[in-house]
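Student: Let me begin by handing over the structure; questions about it come next.
The values are calculated or read from the model by the stated rules, or taken from the named source; none is laboratory data. Remember, it's a predicted structure, so these values are computed and weren't measured experimentally. With ideal geometry, Cβ positions are generated from the backbone for all residues, glycine too; neighbour counts draw on all protein chains shown.
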Amino acid sequence: MAMKANVYVEYQGKQVACKDILAEAKKVWVSEGNKVKDLKNVDLYVKPEENAVYYVFNEDESGKIEL
């Protein structure tokens, strides 16, 4: 049986699942006219004190997502 893991970021009474942050990043990628299959790697930097996640797509494109 495979192990199931859930990771959450909690800060000042808010809770966000890491899988939801990744899903939101993929939405940003697609909304910019890209295809999910072309997304080879995603680096996410969670900054709860800024209520934001910074992303880097394919070691090239970067931006910010509000939590």
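Student: Taking segment 41-60, which residues are over 17 Å from LYS14 (Cβ atoms) and surrounded by 14 or more Cβ atoms within 10 Å (Cβ to Cβ)?
Tutor: Of everything in segment 41-60, those that are over 17 Å from LYS14 (Cβ atoms) and surrounded by 14 or more Cβ atoms within 10 Å (Cβ to Cβ) turn out to be VAL42, TYR54, TYR55, VAL56, PHE57.
Student: Please state which one of LYS35, LYS4 is loosely packed, with under 11 Cβ neighbours inside 10 Å, of a type in the set (Lys, Arg) and at pLDDT below 95.
Tutor: Of the residues listed, the single one that is loosely packed, with under 11 Cβ neighbours inside 10 Å, of a type in the set (Lys, Arg) and at pLDDT below 95 is LYS4.
Student: Being within 26 Å of LYS4 (Cβ to Cβ), more than 11 Å from the chain's Cα centre (by Cα) and at pLDDT below 95 is the filter here, so list the residues in segment 38-67 that pass it.
Tutor: Residue satisfying the conditions is PRO48 alone.
Student: For segment 23-31, indicate whether the set of residues that are over 14 Å from GLU66 (Cβ atoms), at pLDDT below 95, loosely packed, with under 14 Cβ neighbours inside 10 Å and of a type in the set (Val, Ile, Thr) is non-empty.
Tutor: no
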